[in-house]
Amino acid sequence: MNNPYMDWQEVTALVFFILCWAGYAFFTEKESLSDTSLLAVTNRFRMQWMREMLKRDNRSVDIIMVGNLQRSITFFANTTIFIVAGLMTMLNYHDRAESIFSSIPFSKPMSGFLWEAKLFVLIIIFIYAFFKYTWSLRQYNYAGIFMSAAPAHDDHPETHDAIIAKGSYLVGNAAKHFNLGLRAYYFGLAALAWFIHPYLFMAATAWVIFVTHRREYRSATLKNLAQ
């Protein structure tokens, strides 16, 4: 296409990417109601975790567990900041990148406008991932406070069911947003193929959908936990 602002292959690939991501997110929200996903199955273990937490007078094991979960999320959140900073820096390297991509077979030349547009799409993806990671981190903080404030096993037994439900929701929702951040990473990796060719971008997006669905709904880990 001669018009650097309207290339239908590029536009089609971007629309396909957005529809796939949004469609898969909608699908997983519906599927979560049927308790078939990896997140739904592990949520049952989180509920059991809250039951066992209430039986313990010393909650240090639970706080340590929350801290371990926070550390992994903190790593991803910090990494995301570096990725966004690197992508911002790459905005000025169109000519150098073009010489590299031109040596790749079947790569499609891109204008400076498309180079910047593709980088901004990646920046938006990783900013989204950063917000998901930090919100997950904050919820684990709240979960740690909640566990520390929970009564002893023999105190106020009438509140135990509510505590189990609220605590498992807190840690389950934190895990959900961490999962959404990881999913953004997967789709961000697929978007890297866009710099080579829009059709390769579409193929990478479909591959990410396949792999993500298999891990969340068809993996051996899920089958083992479900049993």
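The values are calculated or read from the model by the stated rules, or taken from the named source; none is laboratory data. Since we're looking at a predicted model, the values are computed, not measured. Here the Cβ is made from the backbone with ideal geometry for all residues, glycine too, and neighbour counts use every protein chain on show.
Answer yes or no: is there a residue in segment 207-226 that is closer than 28 Å to R96 by Cα, surrounded by 20 or more Cβ atoms within 10 Å (Cβ to Cβ) and touching a helix residue (DSSP H, G or I) at 6+ places or on another chain (Cβ under 7 Å).
No, because not a single residue in segment 207-226 is closer than 28 Å to R96 by Cα, surrounded by 20 or more Cβ atoms within 10 Å (Cβ to Cβ) and touching a helix residue (DSSP H, G or I) at 6+ places or on another chain (Cβ under 7 Å).
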Within segment 153-188, track down each residue that is closer than 17 Å to W135 by Cα, in contact with a helix residue (DSSP H, G or I) (Cβ under 8 Å, 6 or more places away or on another chain) and hydroxyl-bearing (S, T, Y).
S168, Y185
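Please verify whether Y133 is in contact with a Ser or Thr (Cβ under 8 Å, 6 or more places away or on another chain) and over 15 Å from D62 (Cα atoms), treating the condition exactly as stated.
In short, yes.
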When (1) more than 21 Å from R59 (Cα to Cα); (2) of a type in the set (S, T, N, Q); (3) in contact (Cβ under 8 Å) with a residue 12 or more places away in the chain are applied to S148, the one that fails is (1)
Here are some conditions: (1) modelled with pLDDT under 80; (2) within 30 Å of A149 (Cβ to Cβ). E98 meets all but one. Which one does it not meet?
(2)
Could you tell me how many of the residues in segment 136-161 are out of contact with any Leu (no Cβ under 8 Å at 6 or more places or on another chain), at pLDDT 90 or above and surrounded by fewer than 18 Cβ atoms within 10 Å (Cβ to Cβ)?
3
Would you call F106 of a type in the set (A, V, I, L, M, F, W, C) and in contact with a Ser or Thr (Cβ under 9 Å, 6 or more places away or on another chain)?
no
Note on segment 178-224: residues in contact (Cβ under 8 Å) with a residue 24 or more places away in the chain and polar (S, T, N, Q) are N179, T205, T212, S219, T221
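Out of R46, R96, R71, which single residue is crowded, with 16+ Cβ neighbours inside 10 Å, among the basic types (K, R) and part of a helix (DSSP H, G or I)?
Checking each option against the conditions leaves just R46.
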Would you check if A175 is touching a residue at least 12 places away in the same chain (Cβ under 8 Å) and surrounded by 14 or more Cβ atoms within 10 Å (Cβ to Cβ)?
yes
With respect to I196, determine if the residue is touching a Ser or Thr at 6+ places or on another chain (Cβ under 7 Å), over 23 Å from I73 (Cβ atoms) and either modelled with pLDDT of 95 or more or crowded, with 17+ Cβ neighbours inside 10 Å (or both).
yes
Find the residue count for segment 166-192, including only residues that are closer than 22 Å to L69 by Cβ and within 19 Å of the chain's Cα centre (by Cα).
18
Report, by residue number, each residue of segment 104-152 that is of a type in the set (A, V, I, L, M) and more than 30 Å from A165 (Cα to Cα).
I104, M110, L114, A117, L119, V121, L122, I123, I124, I125, I127
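Here is a yes/no grid of residues against (1) in a helix (DSSP H, G or I); (2) farther than 30 Å from Q9 by Cβ; (3) over 24 Å from the mean Cα position of the chain (by Cα); (4) among the basic types (K, R):
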site: L91; (1), (2), (3), (4): yes, no, yes, no
site: K108; (1), (2), (3), (4): no, no, yes, yes
site: F113; (1), (2), (3), (4): yes, no, yes, no
site: Y128; (1), (2), (3), (4): yes, no, no, no
site: F131; (1), (2), (3), (4): yes, yes, no, no
site: Y140; (1), (2), (3), (4): yes, yes, no, no
site: H160; (1), (2), (3), (4): yes, yes, yes, no
site: I163; (1), (2), (3), (4): yes, yes, yes, no
site: W194; (1), (2), (3), (4): yes, no, no, no
What number of residues within segment 20-43 satisfy the criterion of being in a helix (DSSP H, G or I) and either modelled with pLDDT of 85 or more or among the basic types (K, R) (or both)?
16
